[in-house]
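Where a number appears in this text, it was derived from the coordinates with a stated rule and is not lab data. Just so we're clear, the structure is a prediction, and the values are computed from it rather than from any experiment. Counting neighbours? That spans all protein chains shown, and the Cβs are built from the backbone with ideal geometry, glycine included.
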Amino acid sequence: MGSNIKWLRKRVKKSQTELAEQLNVSRAVINSYEHNIAKPPLELLVTVADYFGLSTDTLLRTNLATYHELPFRELLEAEKIKKKITS
């Protein structure tokens, strides 16, 4: 999961500090998640998933680094459709 957070952060061209500010945590906390030193609490995990437009399931279970841009965009679109159906 930490590698997914890092991959997503880099994809949107944010520094650890910028992402930390958006999520109301410290840069050190983001660093600890990205390096699998710590795991985010459930509430923050949901916030991270929402921030990037993904489900928590995708954030936790999918190795996003294996996606190229087009398949990732398709994944994001599928996530949006799932949210509409379940809302």
**Fill in**
If we ask which residues in segment 30-40 are closer than 27 Å to residue 68 by Cβ and assigned to a loop (DSSP other than H, G, I, E, B), their number turns out to be 3
**Request:** For residues that are surrounded by 11 or more Cβ atoms within 10 Å (Cβ to Cβ) and of a type in the set (Asp, Glu), scanning just segment 30-76, find the one that is nearest to residue 17 (Cα to Cα).
**Result:** 34
**Asked** Which pairs do you get when a residue that is acidic (Asp, Glu), found in segment 23-42, comes within reach of a residue that is buried (at least 17 other Cβ atoms within 10 Å of the Cβ), reach meaning Cβ atoms under 8 angstrom, with the pair 6+ apart or on two chains?
**Response** 34/2; 34/5; 34/6; 34/9; 34/16
**Asked** Across segment 12-38, what is the number of residues that are closer than 13 Å to residue 1 by Cα and over 13 Å from the mean Cα position of the chain (by Cα)?
**Response** 6
**Item:** Residue satisfying all of: in segment 3-29; part of a helix (DSSP H, G or I) and of a type in the set (Lys, Arg); surrounded by the most Cβ atoms within 10 Å (Cβ to Cβ) among these
**Value:** 9
**Fill in**
Subset of segment 47-75, residues out of contact with any Leu (no Cβ under 9 Å at 6 or more places or on another chain), in a helix (DSSP H, G or I) and either free of Cβ contacts under 8 Å to residues at least 12 places away in the same chain or among the aromatic types (Phe, Trp, Tyr) (or both), comes to 50, 57, 61, 66, 69, 70, 71, 73, 74
**Fill in**
Output for Cβ contacts, cut-off 6 Å, separation at least six or different chains, first residue under 18 Å from residue 37 (Cα atoms) and free of Cβ contacts under 8 Å to residues at least 24 places away in the same chain in segment 1-21, second surrounded by fewer than 19 Cβ atoms within 10 Å (Cβ to Cβ) and not acidic (Asp, Glu), reads 16/27; 16/31; 17/27; 20/26; 20/27
